[in-house]
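Have a look at the structure below, then the notes.
The values are calculated or read from the model by the stated rules, or taken from the named source; none is laboratory data. These numbers come from a predicted model, not from an experiment. Here the Cβ positions follow ideal geometry from the backbone for every residue, glycine too, while neighbour counts run over all protein chains shown. These area figures cover heavy atoms from the full protein model, side chains too; ligands, DNA and RNA do not enter into them. Shrake-Rupley method; radii C 1.70, N 1.55, O 1.52, S 1.80 Å.
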Amino acid sequence: MLKKTLLTAVIALMTGACATSPTGRSQFIFMPDNQVDQMGLQAFDSMKSKNPLSQNQRYSQFAQCVAYSLTREVGGQWEVVVFEDDTLNAFALPGNKIGVHSGLINLTDNQDQLAAVIGHEIGHVLSRHSNERLSQETAVSTGLSMVQAVTQPQTALGQTALGLLGVGAQYGVILPYSRIHETEADTIGLDLMARAGFDPRQSINLWLKMEKAAQGGQPIEFMSTHPSHASRIDNLNQHMNQALQLRQQAWNMGKQPRCAK
């Protein structure tokens, strides 16, 4: 009887954990989204209290203009913060939080290149990649512990939780997204920036600039936590025609962002 009960519980868990990503990929997700969102909120608050915020109003306005142009396409209330940090990095967390490093803004040539990075990061959130990774790495019984651990980044469990959210490098832990997650975020981000009226072709220029900066020895936290694959540009090119069509549709609707750097 006990074995039968356990089997029934496992089947129920597996059935309830089936989800589908925005690209149609099957996912294993069982953690409640509100718990994962809470982790994102706690992590973001911790980062704002422990890391210097940029005092450059021009940078903040630029990042917010780009980010809000993108988030209008997905809905919800988003918070955008620029951190004073020379590393080339940006991130988006569950709970609709976006962080951009000043070093990344320095690197980008225009609004479209910044939109490529932020769109990619929003793609991770829309695909619930943090929840997927947390679901794969922890049991239901420890889900609440993982949420609480975010407030204690000095602990091993706290570092693991932050790493799974995608911001672990801030605390000395790097847990890269998988190739599948990266490709999915690239595809979603490309379409998102195009639907917002940005030039999707600039995404390729951005990744080439990031690669060149890495070869020059510049600290690129983004590429350490989000590994660059040889197929990234090929994947973007495969979706470029569709993205350009989406941008034209956006322009026809009057969506032409004008975010001054």
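Enumerate the pairs (first residue in segment 75-86 and under 8 Å from Lys97 (Cα atoms) and open to solvent by 20 Å² or more (accessible area, probe 1.4 Å); second residue anywhere and modelled with pLDDT of 95 or more and in a loop (DSSP other than H, G, I, E, B)) with beta-carbon separation below 6 Å, excluding pairs fewer than 6 apart on the same chain, so at least 6 apart or on different chains.
Close Cβ pairs satisfying both conditions: Trp78/Asn96.
Whether any residue in segment 89-107 is modelled with pLDDT of 85 or more and exposed (fewer than 15 other Cβ atoms within 10 Å of the Cβ) is what I want to check.
Yes: one or more hits.
Return the only residue of Ile220, Ile180, Ile188 being modelled with pLDDT under 80, among the aliphatic types (A, V, I, L, M) and crowded, with 21+ Cβ neighbours inside 10 Å. Spell out the reasoning first.
Working: Ile180 fails: crowded, with 21+ Cβ neighbours inside 10 Å; Ile188 fails: modelled with pLDDT under 80.
Checking each option against the conditions leaves just Ile220.
Mind checking which residues of segment 46-60 are open to solvent by 50 Å² or more (accessible area, probe 1.4 Å) and either within 20 Å of the chain's Cα centre (by Cα) or among the hydrophobic types (A, V, I, L, M, F, W, C) (or both)?
The answer is Lys48, Leu53.
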